[in-house]
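Written out below as C-alpha cells is the structure these notes cover.
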Amino acid sequence: MKRLECAALVCLVTAVVIAGCESHRTVVRRPRPGPVIVRPGPGPGPVVVHPQMAPPPPKVVVKPRRPGPTFVWRPGRWHWQSGKYVWVKGAWVKPPGRGKAWVGGHWKKTPAGYVYIKGHWR
C-alpha cells in the first residue's frame with residue numbers, strides 16, 4: 001500500500017511541475033459533430049487542431065475571370081472553425097517570383113485525427 005501511495009504522490013508532483021512550466025493555456029472544446037484533439041503548436045504559435053472527421057469533398061466552383069496573365073489560381077479549401085468545416089474561397093494571386101507554382105494544401109489523416117498541410121509556393 002505504501003508503494004501505491006508513493007507512486008500516486010510522484011504522479012501528482014510531476015503533474016504540478018509540468019503544469020507550472022506551461023507558458024500558455026490550451027482550451028479544449030468538443031464540437032457537436034465529433035471530438036477534436038487540441039495540442040499546443042510548436043513554439044509560441046497557434047494550437048494544432050485535429051478534427052476527428054474528414055472534410056467534405058472540395059466544392060466545384062466557376063473561376064472568376066483572370067485579372068492578368070501573371071496571376072495563378074489558388075483553389076478554395078475547407079477550414080476547421082468553431083467545431084465545423086467552413087469553405088474558404090479560392091482566389092487569383094500573383095506568385096512571389098517568376099516561375100513559381102502553387103502547391104495546394106490538403107487534409108491528411110493521422111492517428112490523432114485530420115491535420116491540414118498548408119499550401120506553398122515552389
So which strands (runs of 3 or more DSSP E) are wholly in the range 55-120 and hold at least 1 residues that are in contact (Cβ under 8 Å) with a residue 60 or more places away in the chain? 106-110, 113-117
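State the number of residues belonging to the range 89-122 that are under 21 Å from PRO57 (Cβ atoms), of a type in the set (A, V, I, L, M, F, W, C), surrounded by fewer than 15 Cβ atoms within 10 Å (Cβ to Cβ) and more than 13 Å from the chain's Cα centre (by Cα).
Going through the range 89-122, the residues under 21 Å from PRO57 (Cβ atoms) turn out to be 89-91, 102-110, 113-119.
With the extra rule that they be of a type in the set (A, V, I, L, M, F, W, C), the set shrinks to 91, 102-103, 107, 115, 117.
Now narrow it down to the ones that are surrounded by fewer than 15 Cβ atoms within 10 Å (Cβ to Cβ): 91, 103, 117.
Within this subset, residues satisfying the condition of being more than 13 Å from the chain's Cα centre (by Cα) are 91, 103.
Total meeting the criteria: 2.
Bear in mind that the values in this text are calculations on the coordinates, not laboratory data. Quick caveat, the model's predicted, so the values are computed rather than measured. A quick note on method: Cβ atoms are made from the backbone with ideal geometry, for glycine too, and the neighbour counts reach across all protein chains shown.
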